[in-house]
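I have placed the structure first, in the form of structure tokens, so that the comments after it can refer back to it.
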Amino acid sequence: MEVKHLAIIMDGNGRWAQKRLKPRFFGHQEGAKKIQNITESCLYLGIKYLSLYAFSTENWKRPQKEIDFLIQLLNQYLTQKKQIYLDSNIRFRSIGDISIFPQKLQAKIKELEKFTKHCNKLTQILALNYGSKDELRRTFLKLHKNNSIITQESITQSLDTADFPEVDMLIRTGGEQRLSNFLLWQSAYAELFFTKTLWPDFSHKELAQMLEEFSLRQRRFGGI
């Protein structure tokens, strides 16, 4: 049994920094570096889709300085990783309502999606201003506008993730054991893994161990 689509809630950046008597910003910087490392691990391990919870619809409740820093960090990440995506044959996609972001950031997101559209070894999906409840709200508005019949299939095909398979495995780092409004529809039958490891400390070794455990689980999808 293989993992085709892995989703990760990258939690613990702020606490990682605070444990080292550093500002939360420092933890976010280290967390951004970890994205590249774990993406490379997924390439090596043969995972085809990697969804990462980068910025949620609830993150706007944070202090403005932290929000500004996260947006700046995302800008830098998209610029610095552009060639790496292409060289590694990684396709970049985003999910969420990015219309709320500054125009330049929106353009950069769309540019990277276009730049990597022919890459096919792994698709890295960043959830940006994403919340599953908001995604469903936008989906139902879209279906209503198109006078579509509401079925499970029509909902699935109208989600931000319409081009991707359902989540096989969902990991949350940082010790919390909840989904926090991330890919609720897509993770209906995902195998859940929780670790106390803070995101900047999450490693290839721990990911490989989780994948090994995943291979031993039985997925019945409601059957026997």
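Mind listing whichever residues of region 9-65 are of a type in the set (Phe, Trp, Tyr) and either loosely packed, with under 15 Cβ neighbours inside 10 Å or touching a residue at least 12 places away in the same chain (Cβ under 8 Å) (or both)?
The first filter runs over region 9-65 and keeps only residues of a type in the set (Phe, Trp, Tyr), leaving 16, 25-26, 44, 49, 53, 55, 60.
Hits for region 9-65 are Trp16, Phe25, Tyr44, Tyr49, Tyr53, Phe55, Trp60.
Could you count how many residues in region 79-88 are touching a residue at least 40 places away in the same chain (Cβ under 8 Å) and not aliphatic (A, V, I, L, M)? Spell out how you get there, then give the answer.
Looking only at region 79-88, we keep the residues that are touching a residue at least 40 places away in the same chain (Cβ under 8 Å), and these are 81, 84, 88.
Within this subset, residues satisfying the condition of being not aliphatic (A, V, I, L, M) are 81, 88.
Residues in region 79-88 being touching a residue at least 40 places away in the same chain (Cβ under 8 Å) and not aliphatic (A, V, I, L, M): 2 in total.
Spot the failing condition for Leu128; the list is (1) modelled with pLDDT under 95; (2) out of contact with any Lys or Arg (no Cβ under 9 Å at 6 or more places or on another chain), and only one is missed.
For Leu128, the failing item is (1).
May I ask you to list the residues in region 184-224 that are of a type in the set (D, E, K, R), in a loop (DSSP other than H, G, I, E, B) and free of Cβ contacts under 8 Å to residues at least 12 places away in the same chain? Give the derivation first.
To start, the set of residues in region 184-224 that are of a type in the set (D, E, K, R) comprises 191, 196, 201, 205-206, 212-213, 217, 219-220.
From the residues that got through so far, the ones that are in a loop (DSSP other than H, G, I, E, B) too are 196, 217, 219-220.
Within region 184-224, Arg220 is the sole residue that qualifies.
Among the residues of region 144-200, which ones are more than 12 Å from Ala7 (Cα to Cα) and among the charged types (D, E, K, R)?
Across region 144-200, the qualifying residues are Lys145, Glu153, Asp160, Asp163, Glu176, Arg178, Lys196.
Would you confirm whether any residue within region 149-169 is over 24 Å from Tyr130 (Cα atoms) and outside any helix (DSSP H, G or I)? Write out each step before concluding.
Within region 149-169, the first condition is being over 24 Å from Tyr130 (Cα atoms), and the residues that meet it are 149.
Now restrict to residues that are outside any helix (DSSP H, G or I): 149.
For region 149-169, residues over 24 Å from Tyr130 (Cα atoms) and outside any helix (DSSP H, G or I): present.
Given the options Gln76, Gln72, Gln36, name the one that is in a helix (DSSP H, G or I) and under 17 Å from the mean Cα position of the chain (by Cα).
The unique qualifying residue is Gln36.
Any residue at all in region 70-93 that is under 17 Å from Gly174 (Cβ atoms), open to solvent by less than 60 Å² (accessible area, probe 1.4 Å) and either of a type in the set (A, V, I, L, M, F, W, C) or at pLDDT 95 or above (or both)? Steps first, please.
If we filter region 70-93 for residues that are under 17 Å from Gly174 (Cβ atoms), which is where we start, we get 70.
Applying the additional criterion that residues be open to solvent by less than 60 Å² (accessible area, probe 1.4 Å) yields 70.
Cutting the leftovers down to either of a type in the set (A, V, I, L, M, F, W, C) or at pLDDT 95 or above (or both) gives us 70.
Taking every residue of region 70-93 in turn, at least one turns out to be under 17 Å from Gly174 (Cβ atoms), open to solvent by less than 60 Å² (accessible area, probe 1.4 Å) and either of a type in the set (A, V, I, L, M, F, W, C) or at pLDDT 95 or above (or both).
Consider region 116-142. How many of its residues are on the phi < 0 side of the Ramachandran plot and surrounded by 17 or more Cβ atoms within 10 Å (Cβ to Cβ)?
So the answer is 15.
Kindly establish whether Gly222 is among the small types (Gly, Ala, Ser) and either more than 28 Å from His28 (Cα to Cα) or under 15 Å from the mean Cα position of the chain (by Cα) (or both).
Answer is yes for this residue.
Name the single residue, out of those in region 184-197 being open to solvent by less than 30 Å² (accessible area, probe 1.4 Å) and among the hydroxyl-bearing types (Ser, Thr, Tyr), that is farthest from the chain's Cα centre (by Cα).
Restricting attention to region 184-197, the residues satisfying the condition of being open to solvent by less than 30 Å² (accessible area, probe 1.4 Å) are 186-187, 190, 193, 195.
After this cut, where a residue has to be among the hydroxyl-bearing types (Ser, Thr, Tyr) as well, the list is 187, 195.
Details: Ser187: 12, Thr195: 17 Å.
Across region 184-197, the extreme among qualifying residues is Thr195.
Just one of Lys145, Lys104 is more than 22 Å from Tyr77 (Cα to Cα) and not hydroxyl-bearing (Ser, Thr, Tyr); which is it? Give the steps one after another, and end with the answer.
On the way: Lys104 fails: more than 22 Å from Tyr77 (Cα to Cα).
None of the other options fit; the residue is Lys145.
With the requirement that a residue be open to solvent by 20 Å² or more (accessible area, probe 1.4 Å), free of Cβ contacts under 8 Å to residues at least 24 places away in the same chain and either on the phi > 0 side of the Ramachandran plot or of a type in the set (S, T, N, Q) (or both), what does region 148-183 give you?
Our first condition is that a residue be open to solvent by 20 Å² or more (accessible area, probe 1.4 Å); within region 148-183, this holds for 148-154, 156-157, 160, 162-166, 168, 175-181.
If we keep only those that are free of Cβ contacts under 8 Å to residues at least 24 places away in the same chain as well, we get 148-154, 157, 162, 177-178.
Within region 148-183, Ser148, Thr151, Gln152, Ser154, Gln157, Gln177 qualify.
The values are calculated or read from the model by the stated rules, or taken from the named source; none is laboratory data. Since the model is a prediction, treat every value here as computed from it, not as a measurement. Every residue, glycine as well, gets a Cβ built from its backbone with ideal geometry; the counts of neighbours run over all protein chains shown. Each accessible area value is taken on the protein alone, full model and side chains, heavy atoms only, with ligands, DNA and RNA left out. Shrake-Rupley method; radii C 1.70, N 1.55, O 1.52, S 1.80 Å.
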